[in-house]
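To start, the structure itself, in structure tokens.
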Amino acid sequence: MNNPVITLTTDFGEDSPYVAAMKGVILGTNPRARIMDLSHQIPPQDVRHAAFFLAGAVPYFPADVLHVVVVDPGVGSERAVLYVELGRSGHRLLVPDNGCWTWLPNAESAAQIGPTGARAIRVTEPRYWRTPVSATFHGRDIFAPVAAHLSLGISPAAFGTPVGEWVILDRPAYHQGPDRLAGEVLFVDHYGNLITNIPGGALVGFPPEQTRTLIGDQEVPRRVRTYAEAEPGALVALVSSRGTLEIAVTNGNAAGQLGVGVGTPVVVQRREAEAGT
Amino acid sequence: MNNPVITLTTDFGEDSPYVAAMKGVILGTNPRARIMDLSHQIPPQDVRHAAFFLAGAVPYFPADVLHVVVVDPGVGSERAVLYVELGRSGHRLLVPDNGCWTWLPNAESAAQIGPTGARAIRVTEPRYWRTPVSATFHGRDIFAPVAAHLSLGISPAAFGTPVGEWVILDRPAYHQGPDRLAGEVLFVDHYGNLITNIPGGALVGFPPEQTRTLIGDQEVPRRVRTYAEAEPGALVALVSSRGTLEIAVTNGNAAGQLGVGVGTPVVVQRREAEAGT
Amino acid sequence: MNNPVITLTTDFGEDSPYVAAMKGVILGTNPRARIMDLSHQIPPQDVRHAAFFLAGAVPYFPADVLHVVVVDPGVGSERAVLYVELGRSGHRLLVPDNGCWTWLPNAESAAQIGPTGARAIRVTEPRYWRTPVSATFHGRDIFAPVAAHLSLGISPAAFGTPVGEWVILDRPAYHQGPDRLAGEVLFVDHYGNLITNIPGGALVGFPPEQTRTLIGDQEVPRRVRTYAEAEPGALVALVSSRGTLEIAVTNGNAAGQLGVGVGTPVVVQRREAEAGT
């Protein structure tokens, strides 16, 4: 049997000792745990960033990995700590109940089909926590020791009580009309690429030669299949590796160059429809 | 038996190849070593930051882990390289002799009770080093190969000579009077939270309703138990996860908002005493 | 047998889910793989930075480690993906064919003696890829699954076709005359140290007391063996841990202080020669 893998996704940064403390606590309980950093650069308290991140990372892992997420603006409040197992994929997460895991593809399905789709345990059993639990650092005092005990094979049911409700994080809607797709920037990646919520599939009815793409009030002159189709510095639209419309500058930084970010409106519209708009 | 764990804490950053070179050297000598990053984002040459970091990280690890620390403004000088084993906790570190490890709780006790409290070896035996040793990169040429050989189970005594003295890093004092606690900011964490050197226990005699808290010349209006007790954006004082007074902005960045940092004075004083101050 | 080690070097940063997705894909194919981060902070699309980084990292690793490099401005174009094994050292890399690996000492020899010196496979066999392959994220869809399959022991020949030609990355030349060494800054490290392409060995004929060192139009007043020989803040020249001339500020940031960077000319010249220049 392989040693169990525990991944960490936090907004702790690496200049502070918080990630290291969690690693120490995990190893102290399960010395065989393989701890894997996913990110400690989630922007502070940015639950939406975490949700987008997890949806782009967790689906690629084998199901037996345990993903610990500590992006937790509500630490110390009554917000719950949840252990969740996704019904279809079997992915396992230990998360604050702030919806950070609910943009995972299977989480959405699970939430729609109710509590039998996804199994969630509200973590309430202090036997597995560090004592005393601090008011401000549940990553060290609750998440890490619970994750380590889970990785030892203790049944999730031992950690608390099953729940059928949880916080679901709103997802910005996009609108599809006969002549117009309207969405917004959902995520700015490390390169400054602007990932939108407009599904790539929706573009089929909007061929590039008949449409204009606008981000804010700036036009994106070209639609391409890959960055390399355009010269360096060109502003392009393409389908991202996540399957949605992306605005990018080939080998450049679109967010910086355009001065836009998360929430900026993005529209794809038919040219012939413009006069009537 | 589990494979041995070696942790790395440096100021090398990740854009330069220095951490990677150390990892290569360690694996080259002990392919079974489990290398764990604690931080490579200690600010350059900032021994105090490293000391605070280690004191918040090392105590949570099991004792058999070896912690390698390369924050080393004196590289190439006559400063020693030390292997230390803490008397009470058994924690093990390989460090430059600049005091970076001496804020660990057990290190202080050990230093107070003298050389029998902590065992330290001055690393002098070149048989375990890379040759030639560069003048500027002891992380690669001394720390990494010594750590790897230690992780193979070679007795620490083989690496050099026992020493009973070492550099102890000054710790800023705080002052406690009948009407006043006076300390300073010791560390600014990734969120901009301001961690002071005033022990949480000292606050017992200074209940919030009878005292004012000042950071520099700015008053902190509320004392809370946890960030979530105050609305986002509120400036609060609370006891940090390290057990000392912390000044924070709920879901915000106190250091940025107040324009203060390490060394800024922090005072907790009785309201009735103010007239007489 | 030890579990196989796969290292990752990318320009993905850690705020985006791209590194995590690669880790998931690798573990999904080979749960026993030990994944080791070398860097995800290569500046975006900076192949020269990657080349310098790899040359300072890979040589220190044991030969059986597999190094995966995704700094890939040409993603989605016709650029090849290469698996290379260096003839002398045996180091193994999976890289985009942009020359990022060709500054490795053994790579240079290999390229000079032709295809028998280094074995390279152009990765073309889609059986080992994720399907469908996205146009923009070959790290997840090609590099990660190919690396994982390689780590399972599948013969490199199964992944594509042997090739004897590849892109070789230009290396800026330095010039050595009887009275003058002229080179340039090749790399700025995390501390702001300026690493040049002038070999330390060439300095033997240019003793400090008879020469001046200039970076851009600024004179470097001292040549030392180690940073600690000069007081903090002093501008010094020394031989770097890579064996080439380095311009540094002791415990400071030379790049920031001088306002120079990659490409800035550096000259070492005899004093007696100056009148005649």
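Some observations on this one:
- Under-5 Å amide H pairs with C:ARG223, H placed in peptide plane, nonlocal only: C:ALA237
- In a reduced charge model with +1 at each Lys and Arg Cβ and -1 at each Asp and Glu Cβ, the range A:14-153 shows a dipole moment near 360 debye about its Cα centre.
- Overall form of the protein assembly as shown per C-alpha gyration tensor (a/c, 1.5; a/b vs b/c): rounded
- For B:LEU235, neighbours were defined as the other residues whose beta-carbon sits under 10 Å from its Cβ, and their charges (Lys and Arg +1, Asp and Glu -1) total 0.
- Counting Cβ atoms of other protein chains within 10 Å of each residue's Cβ and taking the mean over peptide A:7-15 gives 5.
- Under 5 Å between amide hydrogens, built in the peptide plane, is the criterion, and for A:LEU186 it picks out A:ILE195, A:THR196, A:ASN197, A:GLY263 among residues at least 5 positions away or on other chains.
- The same position B:GLY261 in the other copies lies at 2.2, 2.2 nm from this copy, comparing label points 7 Å beyond Cα toward the beta-carbon, shortest first.
- Copy-to-copy label separations for B:ARG127, where each label sits 7 Å from Cα toward Cβ, in nm and ascending: 5.1, 5.1
- Dipole magnitude (debye, nearest 20) for the protein assembly as shown, charges at Cβ of Lys, Arg, Asp, Glu: 2100 debye
- Measuring from each Cβ of chain B to the axis that turns chain B onto chain C, the shortest distance belongs to B:ASP37, 4 (residue, then whole Å).
- For A:ALA157, the label point sits 7 Å beyond Cα toward Cβ; its separations from the matching points on the remaining copies run 5.5, 5.5 nm, from shortest to longest.
- Tensor-based shape of chain A (alpha-carbon gyration tensor, a/c under 1.5 rounded, otherwise prolate or oblate): prolate
- Prolate/oblate/rounded label for the range A:167-225 (Cα gyration tensor, a/c 1.5): oblate
- Here the label points at C:LEU169 and A:ARG222, each 7 Å from Cα along the C-beta direction, are separated by 2.5 nm in the simple model.
Taken together, the values in this text are just the output of simple stated rules run on the coordinates, not laboratory data. Because the structure is predicted, anything quoted here is derived from the model rather than measured. Every residue, glycine as well, gets a Cβ built from its backbone with ideal geometry; the counts of neighbours run over all protein chains shown.
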